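The values are calculated or read from the model by the stated rules, or taken from the named source; none is laboratory data. Predicted model only: the values in this text are computed from it and were never measured. Cβ coordinates were reconstructed from backbone atoms using ideal geometry, including for glycine residues, and neighbour counts include every protein chain displayed. For the accessible areas, the whole protein counts, side chains as well, though only heavy atoms, and no ligand, DNA or RNA atoms are used. Shrake-Rupley method; radii C 1.70, N 1.55, O 1.52, S 1.80 Å.
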Amino acid sequence: MKKIFVLTSIILFVFSSNILAQPTALSTTNITNTTAELNWDDSPCAGGAVTVQYKVSGTSWPGTVINGANSPEIITGLIANSSYEWRTKCSGSGNPWSTESFSTTALISGCTDPLACNYDPAASIDDGSCSMPGCTNVLA
């Protein structure tokens, strides 16, 4: 009877550990006005199988779904100066979600040519104001 109890306890522990597994160490890096890099540790997930969802904050889940995601996952096509939420879980219907949030940067107009005298490294949209060193005669 003790052997059956011990074996059953071990099976339940292993089964419940896999069901409750979730990715850890969620972080968002390299955020721009239209992209972000989602990072996590998938070592708790069996075989590293991970599902990711992301959405604009205030909208409903599931948002955009990425099955079989790998860390880092670079997402594109985001809206500038907006707040986003993303969540990830070990693939499997019973696993809990881990959630993280971030905001994209604002669009900044300015000179984006690094060779120009008035180059603005914070600018994300070239506004045509670049002033180049040297000749100023537009007909030359």
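Could you grab me the full set of residues in region 91-114 that are hydroxyl-bearing (Ser, Thr, Tyr), in contact (Cβ under 8 Å) with a residue 24 or more places away in the chain and farther than 17 Å from Val56 by Cα?
Taking region 91-114 as the starting set, the residues that turn out to be hydroxyl-bearing (Ser, Thr, Tyr) are 91, 93, 98-99, 101, 103-105, 109, 112.
In the following step, the residues that additionally are in contact (Cβ under 8 Å) with a residue 24 or more places away in the chain were identified as 91, 98-99, 101, 103-105.
Answer for region 91-114, where residues must be hydroxyl-bearing (Ser, Thr, Tyr), in contact (Cβ under 8 Å) with a residue 24 or more places away in the chain and farther than 17 Å from Val56 by Cα: just Ser91.
Residue by residue through region 87-140, note down the ones that are touching an Asp or Glu at 6+ places or on another chain (Cβ under 7 Å) and at pLDDT below 85.
Ser109
Regarding Gly92, is this residue touching a Cys at 6+ places or on another chain (Cβ under 9 Å) and within 30 Å of Trp40 (Cα to Cα)? Steps first, please.
On the way: touching a Cys at 6+ places or on another chain (Cβ under 9 Å): yes; within 30 Å of Trp40 (Cα to Cα): yes.
When the stated conditions are applied, Gly92 passes them.
Does Ala36 qualify as being open to solvent by less than 60 Å² (accessible area, probe 1.4 Å), over 30 Å from Asp120 (Cβ atoms) and among the aliphatic types (A, V, I, L, M)? Spell out how you get there, then give the answer.
Numbers: open to solvent by less than 60 Å² (accessible area, probe 1.4 Å): yes; over 30 Å from Asp120 (Cβ atoms): no; among the aliphatic types (A, V, I, L, M): yes.
For Ala36, the condition - open to solvent by less than 60 Å² (accessible area, probe 1.4 Å), over 30 Å from Asp120 (Cβ atoms) and among the aliphatic types (A, V, I, L, M) - is not met.
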